[in-house]
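Enquirer: Before I ask anything, here is the structure I am working with.
None of the figures in this text is laboratory data; all of them are computed from the coordinates on show. Fair warning: this is a prediction, and the values are worked out from it, not measured in the lab. Here Cβ is always computed from backbone atoms with ideal geometry, including for glycine, and neighbour counts include all displayed protein chains.
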């Protein structure tokens, strides 16, 4: 018996006796991993090489890049990159998602059509995903910031300080990892799952926002690498727990092939 035959037989047996929720869970397991599960595994497997790269950048390359940015960035360039870096301010995303999370259930009760209610439920789940990923990744981010207590590039150019002072509580020692990078990649990774056809656009926006932190001398390159990974990782980690099969082309129902839509 082939793997597909076994999956079909399992689904048939389960449908006879189990409630609908159990059917969905069990048939999903029988169908095998989805693109979303594979992305999550890829994020896990990429952590060690990314940490090695970040540690390799810290001794010399981080500071060399910051010195180059200080030398080449003009006032006009600064205005542009400041506008880009503002995309990493999480206030707008958090407030919008929180309001939608609170009021969509009320709107769902007022909706006249079942199709409208299903769309609202799907939006609600994506808002829940973004809020959960934002909160959980922020907790880890601030624990790492406290443990590392790294000087920002501005500290070097102003006072000559460079490096780490572990477990020190002060704003000047919170460079690693980048909070703006974590925030923008939570938002962009959520959009990637919701609209996978446009993943290149979302990745570009996230990368430019993270790079802006280096250009403006707020962070070093290694800071934005780990901050970006944290934000994206928690989205992919939590998505299968919060979303339902069929909410995304990356997380299709067991009876349909993955596709971009």
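Enquirer: What distance in nm separates the simple spin-label points at residue 91 and residue 110, each placed 7 Å from Cα in the Cβ direction?
Expert: Label at residue 91, label at residue 110, 2.8 nm between them.
Enquirer: Subtract the Cα-Cα distance of residue 142 and residue 168 from 0.36 nm times their separation in residues, and report this length gain in nm to one decimal.
Expert: Value of the extension gain: 8.2 nm.
Enquirer: Further, regarding this structure: Given labels modelled 7 Å from the Cα in the Cβ direction, how far is it in nm from residue 78 to residue 118?
Expert: Result for the modelled spin labels: 5.4 nm.
Enquirer: Specify, per residue and in Å³, the volume enclosed by the convex hull of the alpha carbon atoms belonging to the range 151-261.
Expert: 99 Å³
Enquirer: Moving to a separate point now. Please list the three semi-axes, largest first and in whole Å, of the ellipsoid equivalent to the range 33-242, using sqrt of 5 times the eigenvalues of its alpha carbon gyration tensor.
Expert: On the way: eigenvalues 236, 65, 50 Å².
Working from the Cα gyration tensor, I get semi-axes of 34, 18, 16 Å.
Enquirer: Rounded to a whole number of µm²/s, how large is the Stokes-Einstein D of the range 132-172 at 4 °C and 1.567 mPa s, given Rh as the Kirkwood radius over C-alpha pairs?
Expert: D, rounded to a whole number, is 117 µm²/s.
Enquirer: Moving on. With r as the distance between the Cβ atoms of residue 159 and residue 55 and R0 = 22 Å, compute the FRET efficiency 1/(1 + (r/R0)^6) and round to 0.05. Working shown, then result.
Expert: On the way: r = 24 Å, r/R0 = 1.11.
The formula returns an efficiency of 0.35 here.
Enquirer: Compute the distribution of all C-alpha to C-alpha distances in the range 29-92, in bins of 5 Å from 0, and list the percent of pairs in each, rounded to whole numbers.
Expert: Computed distribution, short to long bins: 3, 12, 11, 11, 14, 18, 12, 9, 4, 3, 2, 0.
Enquirer: Could you give the Stokes-Einstein D for the range 102-181 in µm² per second, using the C-alpha Kirkwood radius, 4 °C, 1.567 mPa s? Write down the numbers at each step before the final one.
Expert: On the way: Rh = 15.5 Å.
Reported coefficient: 84 µm²/s.
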